[in-house]
1. Could you give the DSSP H helices of the chain that reach 24 angstrom or more along their long axis (alpha carbon positions) and whose average Kyte-Doolittle hydropathy is no lower than 1.6?
2. Which one, PHE27, PRO156, GLN60, projects farthest toward the positive side of the charge dipole computed for the chain from Cβ point charges (K/R +1, D/E -1)?
3. Taking all protein chains in place and a 1.4 Å probe, what share, in percent, of the accessible surface of region 46-190 do carbon and sulfur account for?
4. With a point put 7 Å past each Cα toward its Cβ, work out how far SER158 is from ALA177 in nm, to one decimal.
5. Quick check of the Kirkwood formula: for the chain, what is the inverse mean of 1/r over all pairs of different Cα atoms, in Å?
6. Which whole-number value in Å² is the accessible area per residue of the chain, probe 1.4 Å?
7. Obtain the nm distance between the two label points defined at HIS185 and GLU168 by a simple spin-label model: each point lies 7 Å from its Cα along the Cα-to-C-beta direction.
8. Taking the convex hull of the Cα atoms, report for region 98-190 its projected area averaged over all directions, in nm².
Amino acid sequence: NLNFGPGPADEVRSKVFFKLWNTYAMFCNFGTGDGFDPAMPPIPVAERPDVDRWLLSNLQRLIQTARKAYAAYNVMEFALKCEEFIEGDLSNWYVRRNKPRLQSKVADLDAAGRKDKWAAYQTLYTTLKTLCQVMAPCVPFITEAMWQNLRLPSDPASVHLCDFPTAEEQLIDEQLATDTDAVRHVITLG
């Protein structure tokens with residue numbers, strides 16, 4: 001029973017797996033409490049707030065990276081980008097900025113507020129399901145556990161039976177990514 005103290009594995013657990021699982025758990029808890037139905041008609045991405053469109057844009061870029069990295073047998077390239085996405089984009093930026101949207105009570109919201117809340121849920125749902133798919137080749141068990149709870153009856157029975165995602169080029173917004181990166185940099189300096 002060797003113990004070498006804290007090391008790289010602990011850092012990966014805290015930066016990636018804990019943040020991913022906490023985001024997933026938060027989504028499940030809030031979504032269940034609010035009666036979110038992932039099968040409801042999607043709110044068009046163009047009608048969602050900038051922060052939703054930004055996350056989905058970065059998700060498409062992550063899919064591109066995953067396809068390129070897996071094709072080149074360079075899993076480390078994908079793993080580093082995935083870590084950056086989960087820790088920086090998803091957990092530290094998107095979730096923190098959207099907790100008020102997710103914590104508000106549906107009964108207290110007008111039609112515009114409900115649409116905004118459903119847009120946040122749909123964005124998180126899409127992101128979590130897609131992360132399951134792109135991470136499944138290198139993290140098979142955690143992604144399968146998440147998939148089993150996130151999948152719709154019409155989805156494959158296992159994340160490992162899914163087609164690998166293809167980036168939706170029309171969702172990539174380079175200007176929005178540049179603008180958001182500048183805002184994040186200013187906030188980090190502050």
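1. Going by DSSP H runs, there are no hits.
2. Checking the options against the dipole of the chain, the answer is PHE27.
3. Accessible surface attributable to carbon and sulfur in region 46-190 totals 55 percent.
4. Going from the SER158 label point to the ALA177 one covers 3.3 nm.
5. When all Cα pairs of the chain are included, the Kirkwood radius is 17.6 Å.
6. Per residue, the chain has an accessible area of 56 Å².
7. 2.9
8. Averaged projected hull area, Cα only: 9.0 nm².
The values are calculated or read from the model by the stated rules, or taken from the named source; none is laboratory data. Predicted model, so just to flag it, every value in this text is computed and none were measured. Virtual Cβ from ideal backbone geometry, glycine too; neighbours counted across all protein chains shown. When the accessible area is computed, the model is the full protein with side chains, heavy atoms only, and any ligands, DNA or RNA have been set aside. Shrake-Rupley method; radii C 1.70, N 1.55, O 1.52, S 1.80 Å.
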